[in-house]
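Beneath this line is the structure, given in structure tokens, with notes to follow.
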Amino acid sequence: MIIENKKSENQTFNLTFGQSRKISNLIEILKGYFPNIIIKNKKRDKFMPKRGTLSIEKAKNFLNYNPIWPIEKGYTQYIEWYKDFFKNKFKF
């Protein structure tokens, strides 16, 4: 666990899958769960940096980090967890 690892003290790590993805990939997952979702595209602000893949090499080297959850698996699991949590917390 990162928080218990002495090597992680005062360090910053990119904990991603290690592959940049487009927002449209996330939107497609959301549409599968929320078919009536309304998406509004806005022009990127000129001061917003363009994104790329974040390096996870530091996390691999310091922590033996080995990501196994791509967005398709991780985000769908998160949606399922959240829907179940919401359903149980707010019984309608």
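Miscellaneous remarks
- Sole exception among (1) within 24 Å of Arg21 (Cα to Cα); (2) part of a helix (DSSP H, G or I); (3) of a type outside the set (Ser, Thr, Tyr); (4) modelled with pLDDT under 90 for Lys58, by number: (4)
- Residue among Thr12, Thr16 that alone is polar (S, T, N, Q), surrounded by 10 or more Cβ atoms within 10 Å (Cβ to Cβ) and either out of contact with any Gly (no Cβ under 8 Å at 6 or more places or on another chain) or modelled with pLDDT under 90 (or both): Thr16
- If you go through region 41-77 and keep only what is free of Cβ contacts under 8 Å to residues at least 12 places away in the same chain and in contact with a helix residue (DSSP H, G or I) (Cβ under 9 Å, 6 or more places away or on another chain), you end up with just Asn66.
The values are calculated or read from the model by the stated rules, or taken from the named source; none is laboratory data. All of these numbers come straight from a predicted model, not from anything done at the bench. Positions of Cβ are generated from backbone atoms using ideal geometry, with glycine treated the same way; all protein chains shown enter the neighbour counts.
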